[in-house]
Amino acid sequence: MLLMSEKYRDRYRIPSSRAQWWDYGSNGAYFITICTANRYPYFGYVAGGIMEMSAVGKIADKLWYEITDHTKHVKLGEFVVMPNHIHGIIIIENAPVETRHALSLQSQSPGQSRLRNPGKMTISTIIGGYKSAISKQCNKSSHDFAWQSRFYDRIIRNDAEYDRIVQYIVNNPINWENDKLYSG
């Protein structure tokens, strides 16, 4: 049997943008940026330094705050919806320490694989769920909307960096025209 890596010789593999040395389900604070497809301003517009949200922007805002309803061990830090992206801080606290080996034989049901994935909550699964929920809500409401396929994250390493990121998020609408994601 030919393996995918042999068949395509890794030519079509898109490398992960996540840090390979970090466990994204572990305790930590993460600065998240998620962009819309082609950076289209689905979420609204900025006028006079104030974000005026469209119906889609209001959905993105509302569902961000519902993340904690669906995930354990997660707190939310500062957050802002911008015309073509969102910035937010996700904090994972008191995440259970998991072993990386097969499940205990005592906890198995008949026919259950010892190597099943218990569905660990990671930044990628949290963001995937958030993006999916917005897309589904927009489809139900017949709102035109699409995400960029990936998202940006930064592991926040100390209090000073956390404070700088909070100020960046808070001031993002005021500084919109100077933002690298500004789309005129």
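The values are calculated or read from the model by the stated rules, or taken from the named source; none is laboratory data. No experiment lies behind these values; they were computed from the predicted model shown. FYI the Cβ positions are ideal-geometry reconstructions off the backbone, even for glycines, and counts take in every protein chain you see.
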Item checked: Subset of region 137-153 [exposed (fewer than 15 other Cβ atoms within 10 Å of the Cβ) and farther than 15 Å from I126 by Cα] -> N139, K140, S141, S142, D144, A146
Item checked: Looking only at region 150-174, and only at residues there that are assigned to a loop (DSSP other than H, G, I, E, B) and touching a residue at least 40 places away in the same chain (Cβ under 8 Å), the one that is nearest to the chain's Cα centre (by Cα) -> F151
Notebook entry, point to check: Do we find a residue being under 27 Å from A133 (Cα atoms), at pLDDT 85 or above and among the small types (G, A, S) anywhere in region 15-22?
Noted result: no
Note to self: I'm trying to understand the selection: among the residues of region 154-182, which are farther than 13 Å from I89 by Cβ and buried (at least 16 other Cβ atoms within 10 Å of the Cβ)?
What the structure shows: P173, W176, D179
Margin query: Under 6 Å between Cβ atoms, which residue pairs at least 6 apart in sequence (or on different chains) link something in region 50-73 that is at negative phi with a partner that is part of a loop (DSSP other than H, G, I, E, B) and of a type in the set (A, V, I, L, M)?
Written below: T71/M121
Check: Scanning for something modelled with pLDDT of 95 or more, within 16 Å of T71 (Cβ to Cβ) and not β-branched (V, I, T), does region 135-156 turn up at least one residue?
Finding: no
